[in-house]
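Asks: Dumping the structure here so I can ask a few things about it.
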Amino acid sequence: SDSGSSTEVDEDPTHGEEGEGDNCTICFEAWTTAGEHRLAALRCGHLFGFRCIQHWLKTQGSSAKCPQCNKKAKRSDIVLLYAPKLRALDNSEQESLKSLEQEQSLRRKAELESAQYKLKLFSKAVLVSQGGGSRVLTYCEPLSCLLASQPSPHTTLVPCGVKKVSVVNMKASQYVPIHSKQIRGLSFNRQNDSLLLSAALDNTIKLTLLTNTVVQTYNAGKPVWSCCWCLDNSNYVYAGLSNGSVLIYDTRDTSTHVQELQPLRSCPVASLCYLPRAASSSFPCGGLIAGSLEGACFWEQVNETTYRPHMLPLETAGCIDIQVETESRHCLVTYRPRSNPSLRCVLMALNRTPQQDSSQLPSCSCSPVQTFSAGSSCKLLTKNAIFKSPEGGGTLVCAGDEASNSTMVWDAGSGSLLQKLPADLPVLDISPFTVNGEHFLASLTEKMLKLYRWE
């Protein structure tokens, strides 16, 4: 993978209307009258530095589009332009031109700062699995490392485990063997004790101390597709099964599950996420969102042993992933292209209707706020991300786009596409994390891990 291919692009169409001036809108550097960065245009009329637009179209492949207007484009469309630099003729004009340039420069800077969400051109690509097979990703704060699931690099070891990638030196290190079949879920609790919960198709969930070895194995009796911790009580973990059931385990009880949330539909639980209780007027409840290809259920945790189901009003088919943003009480639902031609991520606000009378319990639901569209293909169950902007204030949505082998970054408030970060293969999982006050984003493909730093 070419770590230099992660070109940063401002995809907000309003950005290019002013300030195009004499700067390339891909790298924001001035274009030149000769050489590799000379002025070039596409058929739609938008201007770029020749090297930048050539590289952009090359990394996009057959689905390439103009970064400004999204019209289809190919490398043969690039036309070199001959535009000598304009010079002011007298000093007064030169001074006013200088102040105008300063004003434009300040406005351009203000526009960039208002976007707040730029990922630096800095990116580091780390080979995780030479033979492929990586699937899910998580971040371990106490050990400052990312963990990517992968098949064992050696035939003698347990077939499936996790590869540690240090975020201090950005290098892959130890392989930790855990399961006998593909791992589908990885999760840490909030206790910062580096205790990893993993779920796999070998019918088990396991608790592994990364400093040591597997400390607890639970047999679920069916392939496990997803897992997560209870964020209101770290003694409990959840396992989403292939038959639609969710099993609840108490980590103090080493024998078996303590409760089963019966399936409302017999479809594999592809995603599990816990929403902790909060002092929120719109949605104070805590509980578990279980998502399958046929819909989703919010299991409201009424007390330690009682869960009340609320079917969420999602589309009847094609839901491949659900993620939550706990602070703003929103969830991100990803749908495969079906009747709609493109992959869609729908931002939903969770809400609870107040109790009308003692006979009718309050109901939990969600309503769409914003829709983000990506490419036309989605064969894999990609895991996406929703999280607070590192600069505060806003929320970001990140999704893997299979059609273009890239990670899309949107501003959740405006719905505008902020960036498209190229990858070597389809992106399978995305993880934001923080190290020593610096904010990063990691994206995982079958072979590679790409790390970007927020600016």
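The values are calculated or read from the model by the stated rules, or taken from the named source; none is laboratory data. These numbers were taken from a predicted model, which means no experiment stands behind them. Ideal geometry is used to build each Cβ from the backbone, glycine not excepted, and the neighbour counts take in all protein chains shown.
Asks: What is the residue count in region 178-194 for residues that are buried (at least 17 other Cβ atoms within 10 Å of the Cβ) and modelled with pLDDT of 90 or more? Walk me through how you get there before you give the answer.
Replies: Kept after step one, since they are buried (at least 17 other Cβ atoms within 10 Å of the Cβ), are these residues of region 178-194: 178-179, 182-189, 194.
Filter once more, keeping what is modelled with pLDDT of 90 or more: 178-179, 182-188.
Residues meeting the conditions: 9.
Asks: Just to be sure I understand, how many residues within region 352-377 are surrounded by 12 or more Cβ atoms within 10 Å (Cβ to Cβ) and more than 15 Å from H330 (Cα to Cα)?
Replies: 8
Asks: Need pairs with beta-carbon distance below 7 Å; first residue closer than 20 Å to N233 by Cα and within region 294-305, second assigned to a strand (DSSP E or B) and among the charged types (D, E, K, R); sequence gap 6+ or separate chains.
Replies: Matching pairs, first to second residue: E300/R308; V302/R308.
Asks: Go through region 262-293 and give me each residue that's among the hydrophobic types (A, V, I, L, M, F, W, C), over 22 Å from V136 (Cβ atoms) and out of contact with any Lys or Arg (no Cβ under 8 Å at 6 or more places or on another chain).
Replies: From region 262-293, those among the hydrophobic types (A, V, I, L, M, F, W, C) are 264, 267, 269-270, 272-273, 275, 278-279, 283, 285, 288-290, 293; that's our starting set.
Filter again for over 22 Å from V136 (Cβ atoms), leaving 264, 278-279, 283, 285.
Listed by number, the residues that qualify are L264, A279.
Asks: Now for a different question. Keeping to region 41-54, report how many residues are assigned to a strand (DSSP E or B) and crowded, with 21+ Cβ neighbours inside 10 Å. It would help to see each step written out before you state the result.
Replies: Residues of region 41-54 that are assigned to a strand (DSSP E or B), as a first pass: 41, 47-49.
Now drop any that are not crowded, with 21+ Cβ neighbours inside 10 Å, which leaves 48-49.
Going through region 41-54 one residue at a time, the tally reaches 2.
Asks: Need at least 1 residues that are under 19 Å from the mean Cα position of the chain (by Cα) per element, so show me which strands (runs of 3 or more DSSP E) inside region 134-202 make the cut, counting only ones lying wholly within it. Walk me through it before giving the result.
Replies: Working: elements: 137-140, 145-151, 160-166, 171-179, 183-188, 195-200.
It comes to 137-140, 145-151, 160-166, 183-188.
Asks: Continuing with this model, one more query. Determine which member of the set A279, A270 is among the aliphatic types (A, V, I, L, M), farther than 15 Å from C364 by Cα and part of a loop (DSSP other than H, G, I, E, B). Please lay out each step first, then the result.
Replies: Details: A270 fails: part of a loop (DSSP other than H, G, I, E, B).
Testing whether each residue is among the aliphatic types (A, V, I, L, M), farther than 15 Å from C364 by Cα and part of a loop (DSSP other than H, G, I, E, B) leaves just A279.
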